[in-house]
Each structure stands twice: as structure tokens, then as C-alpha cells.
Amino acid sequence: MKTISSAVEDYIKSKPFLVSALTQGIINLTSLSRIMNPDITKVMDKEVRNGAIVMALKRLSSDFEFRSSQKIIRTLRNVGDITVRSSLIDYNYKVSSTLFASQANLLSQISDDKGNFYTSSRGVNECNVVVSSNLAEQVEKHFKAEECIHKETELSSISVKLPIENVSVPGIYYFVFQRLSWEGINIYEVISTSNEFTILVNEQQVDKAFRIIKDFKQL
């Protein structure tokens, strides 16, 4: 038999921003209970008092903080190196039968110079190639037969090394990107591996984004 507490938990889990608001204590539970009541009443198939929903929310907010937020915070306190690169260009190409060969030709020409930045991510229909601006001429030479959908300049990257346990902690990326979103940081692209992620942002916002990520170590 479904309980009010389980109905309230299901409702909150379907709205991630409410989870964050509850764990940070920045939401009026009485007002929220009135908004939720019609949905909870429908699920329970009986009249539910607002007070019962408020009590369930109080227990839930404490439980969420213990089970989720604290795990995320402990993990983010242990982030490793944070590397910033500027003067980057992001090329967005349509996937084609010759795209792989174009990438291979480019890679064969790029030196191992630490001043060079190259990364690529491929989806079903599109492929993004991100390079240092000094490599733009080579990219456009080797990809001249490819269809360029979009080109974005004046970008910076922030690469973050995560502790190995990040793969077993749900919500790491949500927590990071939510904080950046709240501060008005527009993320142009995200590139990730198992224990590292890189975000691309406009060069005018990179300093602010870096401070936000660096502050995770002080949570």
C-alpha cells in the first residue's frame, strides 16, 4: 500500500530543482504542500491534509541531504587539477563517410606540442572538433570536403579531474552544472571521460566559471 511519504518522494524526485531547494532549506514547505496536494490526493485516491505533506517533506529533505548531497559534496571536495585553456575554436561537422579519414589526416599533422589543444566528440549525425586557434588553418585544410554546420570562436575550456569514486555517486554533473547555471554561465559544450570532464564557455565567462568550480573544494 502506497504511503503519503512515498507519494511525496516520487513527486519530488520527478522535479530535480525541488530536491536541491529542499536540501538547502530555501523553499516554503507549507506553500509547496498546497501546490502538491492535488497530485498527492490523486495518487492516494483520498483526501490528504497539507500538514501530512509538510511532515513528509521535512523528513524527506533531511533524508535527501544525508543520502545524496553529502556524498556529492565529499566527492567534489576532492577534485584534482583544474586546467584552463583559452583561444579555442569549436567546429561542428556533419558526419560523413570521409569524416574519419579527415580526422586521421589532421591528427597526423598535429605535433605533440603542449601549446596545441585538440579534442573531438562524435554523435550520430554530428561531430565536434575543438582546437587551439593556431590549428585553425590545418583543420580547415583537412576538413575542406566536409560540411561545416557551425563554427564558434573565442572559447575557453575548463578541464576538471574527478576522483575515481565519482562514477558511483549519482548527481555529480547535475550539481556542477546547476551551480554554473544559477550563476548565468552558458556552457557551450561538455566533453567527458570516466574521471574527467571539460566544459567550453565563452572567454568572457571563463574566470567566473573557474572560481565557481574551484570553490567546490571549499564546500
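In the range 56-68, of all residues being surrounded by 16 or more Cβ atoms within 10 Å (Cβ to Cβ) and at pLDDT 85 or above, the one that is nearest to the chain's Cα centre (by Cα) corresponds to LEU57. The single condition among (1) of a type in the set (A, V, I, L, M); (2) touching a strand residue (DSSP E or B) at 6+ places or on another chain (Cβ under 8 Å); (3) under 23 Å from GLY80 (Cβ atoms) that VAL139 does not meet is (3). Scanning the range 125-178 for residues that are farther than 28 Å from THR98 by Cα and of a type in the set (Lys, Arg) returns a single hit, LYS161. Restricted to the range 88-112, and to residues there that are surrounded by 13 or more Cβ atoms within 10 Å (Cβ to Cβ) and among the hydroxyl-bearing types (Ser, Thr, Tyr), the residue that is nearest to LYS141 (Cα to Cα) is SER102.
Restricting the first member to the range 165-179 and to residues that are in contact (Cβ under 8 Å) with a residue 60 or more places away in the chain, and the second to residues that are hydroxyl-bearing (Ser, Thr, Tyr) and not in a helix (DSSP H, G or I), the beta-carbon pairs closer than 9 Å and six or more apart or on different chains are ASN166/SER194. Could you please let me know if ILE27 is in a loop (DSSP other than H, G, I, E, B) and β-branched (Val, Ile, Thr)? Yes; evaluated as a whole, the condition is true for this residue.
The values are calculated or read from the model by the stated rules, or taken from the named source; none is laboratory data. No experiment lies behind these values; they were computed from the predicted model shown. A quick note on method: Cβ atoms are made from the backbone with ideal geometry, for glycine too, and the neighbour counts reach across all protein chains shown.
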